[in-house]
Amino acid sequence: MDIAAFTTELQPIRQAPAGRGQLRIVEPRAIDAQDRRPVERPDDSADISKQARDAGKPRGTDGEPLTDEQAREVEQLAARDQEVRTHEQAHVAAAGALFRGGPTYTYRNGPDGNRYAVAGKVQIDTSEGNTPEETIQKAAQIRRAALAPAEPSSTDQAVAAKASRMEAEARAELASEREDDAQASPVDTERGIDRYLSVENAVESNRPRLDIAA
């Protein structure tokens, strides 16, 4: 009779046939290829590697890691935010008493959900002074405040140019005033001297006299 079951090892199986006293060696049949296939398990090594790479990445508003392009955008926005804030703080520090308000910022939302400053402004007093001398001093400080950042914007340069014009006009006005003073009329000068002498004569005539007899 034939053997109905297969063993897991390819070992000869001895079995005595019915009604006989000697043994017959029966070779087992080859194991079916279907039974020799290894058990397939899902390869999760790729998922583990991806999780390790994503662990240090910023995440978006949906909680998912940012794409490489989104991560680069966040880096650029963060650098711009720092640049804008440093720029405006330089204006504030140089403005001194001319500071009037700010900084105020314009923001942009990044892929990570955070807000980043992309522009800003500071308010300073750019009016003329009460005198030419005061205007000259104010203009110089306005120019310093406008050009204080490492990379002044076009607006900063325009403010500095306006301050330079204001200073030049004040200097011209001051020079004109000094010239007018230097060119005072000689007749007015003589009249002033005559008035001074008449006052002195009046004082001298009113002084008490002390006569000492010999």
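Just so you know, all these numbers are worked out from the coordinates, no wet-lab data involved. Please read these numbers as outputs of a predicted model, since none were measured by experiment.
So here's what we get for this one:
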{"read-out": "Rg to Rh quotient for the stretch 94-183, alpha carbon positions, Kirkwood Rh", "value": "1.20"}
{"read-out": "Extension gain, residue 72 back to residue 179 (0.36 nm per residue minus Cα-Cα distance, nm)", "value": "32.1 nm"}
